[in-house]
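Structure first, commentary second.
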Amino acid sequence: MRDLTRYGIGRLRAMTRRLVAEIAPDRFRARVDAAKAQRRVTLRPAPDAMSYLTAYVPVEQGTACLAALQKAFVEVQVDPAPLTRTRGQVLADTLVERVTGQDTATAVNLEVQVTVPVQALLDPQSPLPAEIPGFGPVPVDLLATSEGTKSLRRLFTDQGIVIGGDSRRRSFTGLLATLVKARAGNRCTEPYCDAPVRHLDHIQRDADGGRTELDNGRGVCEFHNHVREQPGWHVARAPDGAVVTRTPAGHTYRGPD
């Protein structure tokens, strides 16, 4: 006879489930089948720009997934490269990489809409955070990273009201066009040119994968928009944020943008 008073709550629950399975196996099997039909994945917000990704799957599938992630950690441990992440971080990164098919967890290339106060765009020192609707605030500087600009679509807000956003169109229109022109002072941003803005140009060309967004836009005159399409001309944004034009002769010119 077992002394149940010495059992913990967890052991008592496990013993109860086992007894039910033994006493009424048909009903137990029916419950298992019904539970499998409810398998799902959910996402809940967590503090500090984090989230809880939960999978409700059959126990054999759950243990198999965890075993695969643990195996990935062992492979990282035996790698000659220094280990800079904890076990939990490696497991989490591996999960993201395998689910999304990306090489690294930070390179997720899926669109997530995020609201950004327009004041934070105009003033880099603004304390106002961005926000992923339904999941809370995230740091605005996240949008400045290469990963952030790939995976986040910004919706601009003013006092909580959406007033514009990153366009998925090829051309700059609406509020986005207004912001690009205003930043340029409505003057061509090519060096030594003071002509009025006639065209809104992609710094990284649309044909090369450049996105129609504020950071990739510049105001130029008609001549400088067309001349960059000629062989040997190249326009790019430098690491310090300046727009640099390289001519066919190899000369480079930094614009004010």
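Return 221, 188 ranked ascending by Cβ neighbour count within 10 Å, so the fewest neighbours appear first.
The fewest-first ordering by Cβ neighbours comes to 221, 188.
Determine ³J(HN,Hα), in whole Hz, for all residues of region 33-39 in sequence, where each value follows from phi through the Karplus function 6.51 cos²θ - 1.76 cosθ + 1.60 and θ = phi - 60°; x replaces Gly and Pro.
5, 5, 5, 4, 5, 9, 4
I need the shape label for region 41-107. Rule: rounded when a/c is under 1.5, else prolate if a/b > b/c, else oblate, with a, b, c from the alpha carbon gyration tensor.
Oblate is the answer for region 41-107, as a/c is 1.5 or above yet b/c matches or exceeds a/b.
As a footprinting exposure proxy, order 66, 175, 200 by other Cβ within 10 Å, with the fewest listed first.
Going from sparsest to densest Cβ surroundings: 66, 175, 200.
None of the figures in this text is laboratory data; all of them are computed from the coordinates on show. Bear in mind that the values here come from a model prediction, so they are computed numbers and not experimental data. Positions of Cβ are backbone-derived with ideal geometry, glycine not excepted, and every protein chain shown enters the neighbour counts.
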